[in-house]
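Data block below; observations after.
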Amino acid sequence: ALVDMYIKCNCIIKAKEMFDLLPTRDVVSWTTLIGGYIEKEQGKGALYCFEHMQLEGIHPNVVTYICSLQACRLLEDMVKGSEIHGEIMRLGLLEKDLIGNALVDMYGRCGELAKARETFDKLKVQNVVSWTSLIAGYTNHDYGEEALACFEEMQSKGISPNSVTFICVLKACGSI
């Protein structure tokens, strides 16, 4: 709770100091710190903690994996992102909507649009978040026509867009 409090007070250094004083560290305390680094857009710190957590024998949970994928997205680190994707696949966690969405988002941000689409196509549930992540990936890399095609496909499948979807679509229109 103290680690989380320091993060919320914009004191990531104090949060890390408090974390280092903990007599035992579990997946929750590690994930709290990793999430704090993500919140402060410090992807390197998040991945450093992710790796050290595993070195200490602590197994990541779904939230930890999502945070680590967000770190890869921030850093546009495809190598580490692919490595984490492999772990997720080995553990059978792709079934989790949030992890699948985070993977599509990470690949899209890194410009690996074919991989983003491939991952998207393997999702059991394709919801507004996964569709928007895919559309954003195309839009952010100036593939406006592909973004609009995805938007049309999304609507044809009965998925209602949200405000973020519309922002991405308008940006795609502007790019073409």
With a probe of 1.4 Å, find how much accessible area the stretch 19-94 has per residue, and write the answer as a whole number in Å². 50
Amide H neighbours of N127 under 5 Å, at least 5 residues apart or on other chains, H built in the peptide plane: list them. none
Rounded to whole Hz and in sequence order, give me ³J(HN,Hα) for the stretch 114-121 from the Karplus expression 6.51 cos²θ - 1.76 cosθ + 1.60, θ = phi - 60°, writing x for Gly and Pro. 5, 5, 4, 5, 4, 5, 4, 5
So if a site counts as exposed when it's one of the GluC sites (Glu not before Pro), its DSSP state isn't H, G, I, E or B, and it has at most 15 other Cβ atoms within 10 Å, what's the longest stretch of the chain without one? 77-176
What distance in nm separates the two pseudo spin-label positions at E51 and I176, each 7 Å out from Cα along the beta-carbon direction? 4.1
Restricting to Cα pairs below 8 Å that are 6+ residues apart, what does the relative contact order work out to for the chain? Please round to a whole percent. 13
To the nearest 10 degrees, the tilt of helix 97-109 (Cα long axis) against the first principal axis of the alpha carbons of the chain is 70
Violating pairs (Cα-Cα greater than 18 angstrom) within the set K80/K115; K44/K171; K16/K96; K96/K124; K124/K157; K96/K122: K44/K171; K16/K96
Per residue convex hull volume, Cα atoms of the stretch 93-175, in Å³: 73
Between 0 and 90 degrees, rounded to the nearest ten: what's the tilt of helix 163-175 against the longest Cα principal axis of the chain? 60
For the chain, fraction of C-alpha pairs farther apart than 20 Å, in %: 54
Loop only per DSSP, at most 10 neighbouring Cβ atoms within 10 Å: give me the trypsin sites (Lys or Arg not before Pro) in the stretch 122-169, ordered by residue number. K124, K157
In deg cm²/dmol and to the nearest 500, what is the mean residue ellipticity at 222 nm of the chain if only DSSP H runs of at least 4 residues count, each as -39500 (n - 2.57), divided by the residue total? -23500 deg cm²/dmol
Please report, as a whole percent, how much of the solvent-accessible surface of the chain comes from carbon and sulfur atoms (probe radius 1.4 Å). 55
Across the stretch 75-80, in residue order, what do the Karplus-derived ³J(HN,Hα) couplings come to in whole Hz, using 6.51 cos²θ - 1.76 cosθ + 1.60 with θ = phi - 60° and x for Gly and Pro? 8, 6, 9, 5, 4, 5
Quick one: what are the phi-derived ³J(HN,Hα) couplings along the stretch 33-45, Karplus 6.51/-1.76/1.60 with θ = phi - 60°, whole Hz, x for glycine and proline? 5, 4, x, x, 4, 5, 4, 8, 6, 10, x, 5, x
Computed Rg/Rh of the stretch 1-81, alpha carbon atoms with Kirkwood Rh: 0.94
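The values are calculated or read from the model by the stated rules, or taken from the named source; none is laboratory data. It should be emphasised that the depicted structure is a prediction, and the values quoted were computed from it without experimental measurement. With ideal geometry, Cβ positions are generated from the backbone for all residues, glycine too; neighbour counts draw on all protein chains shown. These accessible areas exclude ligands, DNA and RNA; they are computed on the full protein's heavy atoms, side chains included. Shrake-Rupley method; radii C 1.70, N 1.55, O 1.52, S 1.80 Å.
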